[in-house]
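Accompanying notes for the structure given below.
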Amino acid sequence: MDKFLITGGVKLEGEVRISGAKNAALPLLAAMILADSPITLNNVPNLKDVNTLVKLIAGLGITMDYEGETVKADTSTLSNQFAPYELVKTMRASILVLGPLLARYGNAQVSLPGGCAIGSRPVDQHLKALEALGAHIEVENGYVHATVDGRLKGADITFDMVTVGGTENILMAAVLAEGTTTIRNAAREPEITDLAQMLIEMGAKIEGLDTDTLVVTGVESLHGCEYSVVADRIETGSYLAAAAITGGRVKTTHTDPSLLESVLDKFEEMGAEVTRGEDWIELDMMGKRPKAVSFRTLPHPEFPTDMQAQLMAVNVIGRGFATISETIFENRFMHVPELSRMGANIQVEGNDAIVTGVEKLQAAPVMATDLRASFSLVLAALVAEGDTLIDRIYHIDRGYENIEAKLQSLGAKIKRVS
Ligand code: EPZ
């Protein structure tokens, strides 16, 4: 099992190119199922999760051609609507093929995704909304069996809580439904807007982008197009956090400051100098120790839960103390015991973590537990005294493309060891 060996103490300096967003690429790949002519997706990040979903879609019989950062799909060869547990269990976002398969082919058998380290992550909202569109849903032996007689029918849907995947699944079903669908309490993450924009390029009629109410007028069919995945705002924030924690200066390129303003505001509150360009962001910590800052994770445009672990790591060596509230997932503090092994001072009380900044961290053998927690351990190792060994880094390969090369290009002493 691969591990990372990281020697701390280097201020990171330099430029890093941001990849396409994992959390946009996954729904965009699922949406390719809706195209009745060949469709091309560019700027696709080369990640384990992406490869898994491409494999799952190919398993439907769809012709998938994946070269470099481009995926081409031809749905004319589709032969089944079955998404097996073996693949879905390794990548929960596979549930996103449910909406498109149901909308276009009238039936789908998709394995229920398991939970994961950060929470139970049910999909009840997805299923309830699809039923509102006229789907007949049965859950048997761990599979969702969805069918509809004829076409789905437009409906007025209100989610009980903001759900990114739920919004995406319903959006991809509603675009081919008969009539109008209104989706209320919709998620407003940039990845939703990216999905809506590609669907519109395919001929869909969607209004209310970037708002919590999407109005979809169903069409008979959708055609192919050529589209490019939006920049990864979480990868951007993660590398800027590497500059903040090491007191360095990092410029992230091929990104977009407007995707993560709430995160940039926090870096500025920490005392960093943040410069914003059209498609780049530079963070200069000027050799200073950051000020610990409090925050609460909330749906976009508030502070993203996917940056919670990374900003906690910066707080760990910050001046003063901070309170972090995780309001989205019920178990997203798995990085706390690992950071504590390195000398962090964190008290967890329910969904709140109180961090008291310390001057120094000590290297220690630690274990990654989930994707974003893994990056927070990398951040801590970059400043810890000595050599830190991080185990189970397969978690990090799911969501960060070429992470060692990108960090090494910024001066980090990191290598992958078996
Ligand atoms: C997406 O997950 C992201 N994954 C997550 O990123 C991200 O943390 C999350 O949105 C929140 O922003 C992808 O986009 C592939 P939700 P998703 O449905 O869609 C509850 C990462 O690190 N809920 O918005 O699964 C759920 O349990 C990953 O890149 C229900 O109760 O998240 C959670 O508490 C981690 N019932 C909350 O809503 C439902 O039917 C938000 O979940 C659906 C969700």
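The values are calculated or read from the model by the stated rules, or taken from the named source; none is laboratory data. All figures in this text were calculated on a predicted structure; none of them were measured in a lab. Note that each Cβ is placed from the backbone with ideal geometry, even for glycine, and that neighbours are counted across all protein chains shown. Surface accessibility is based on the protein's heavy atoms, side chains included, excluding ligands, DNA and RNA. Shrake-Rupley method; radii C 1.70, N 1.55, O 1.52, S 1.80 Å.
Give region 120-130 a look and list any residue that's surrounded by 14 or more Cβ atoms within 10 Å (Cβ to Cβ) and not basic (Lys, Arg), or say none.
Selection gives 123, 125, 126, 127, 129, 130.
Looking at (1) over 23 Å from the mean Cα position of the chain (by Cα); (2) buried (at least 19 other Cβ atoms within 10 Å of the Cβ); (3) part of a strand (DSSP E or B), which is the one condition that is false for residue 390?
(1)
Restricting to region 103-122, give me the number of residues that are touching a strand residue (DSSP E or B) at 6+ places or on another chain (Cβ under 8 Å), within 26 Å of residue 218 (Cβ to Cβ) and either within 16 Å of the ligand (Cβ to nearest atom) or not hydrophobic (A, V, I, L, M, F, W, C) (or both).
Here the count works out to 4.
Within region 316-340, work out how many residues are touching a Pro at 6+ places or on another chain (Cβ under 8 Å) and part of a helix (DSSP H, G or I).
0
Kindly indicate whether any position in region 7-27 is open to solvent by less than 10 Å² (accessible area, probe 1.4 Å) and in a strand (DSSP E or B).
Checked region 7-27: at least one residue is open to solvent by less than 10 Å² (accessible area, probe 1.4 Å) and in a strand (DSSP E or B).
What number of residues in region 28-41 are part of a loop (DSSP other than H, G, I, E, B) and either open to solvent by less than 20 Å² (accessible area, probe 1.4 Å) or within 11 Å of the ligand (Cβ to nearest atom) (or both)?
0
Restricting attention to region 287-317, which residues are surrounded by fewer than 20 Cβ atoms within 10 Å (Cβ to Cβ) and touching a Gly at 6+ places or on another chain (Cβ under 8 Å)?
Across region 287-317, the qualifying residues are 287, 288, 289, 291.
For residue 398, state whether it is basic (Lys, Arg) and in contact with a helix residue (DSSP H, G or I) (Cβ under 9 Å, 6 or more places away or on another chain).
Answer is yes for this residue.
Quick grid of which residues meet (1) open to solvent by less than 20 Å² (accessible area, probe 1.4 Å); (2) on the phi > 0 side of the Ramachandran plot; (3) in contact (Cβ under 8 Å) with a residue 12 or more places away in the chain; (4) among the aliphatic types (A, V, I, L, M):
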residue	(1), (2), (3), (4)
43	no, yes, yes, no
81	no, no, yes, no
88	yes, no, yes, yes
104	no, no, yes, no
110	yes, no, yes, yes
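Residues of region 92-141 being more than 16 Å from residue 165 (Cβ to Cβ) and of a type outside the set (A, V, I, L, M, F, W, C), which ones?
104, 105, 106, 107, 109, 131, 134, 136, 138, 140, 141
Could you tell me how many of the residues in region 289-304 are without any contact (Cβ under 8 Å) to a residue 60 or more places away in the chain and within 10 Å of the ligand (Cβ to nearest atom)?
The number of residues fulfilling the criteria is 2.
Just give me the residues in region 143-170 being within 16 Å of the ligand (Cβ to nearest atom), without any contact (Cβ under 8 Å) to a residue 60 or more places away in the chain and either buried (at least 22 other Cβ atoms within 10 Å of the Cβ) or assigned to a loop (DSSP other than H, G, I, E, B) (or both), in sequence order.
Listed by number, the residues that qualify are 144, 146, 157, 159, 160, 161, 163, 166, 167.
Yes or no, residue by residue, for (1) farther than 28 Å from residue 14 by Cα; (2) open to solvent by 10 Å² or more (accessible area, probe 1.4 Å); (3) within 16 Å of the ligand (Cβ to nearest atom):
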{"residue": "324", "(1), (2), (3)": "yes, no, yes"}
{"residue": "341", "(1), (2), (3)": "yes, yes, no"}
{"residue": "346", "(1), (2), (3)": "yes, yes, no"}
{"residue": "353", "(1), (2), (3)": "yes, no, no"}
{"residue": "359", "(1), (2), (3)": "no, yes, no"}
{"residue": "370", "(1), (2), (3)": "no, yes, yes"}
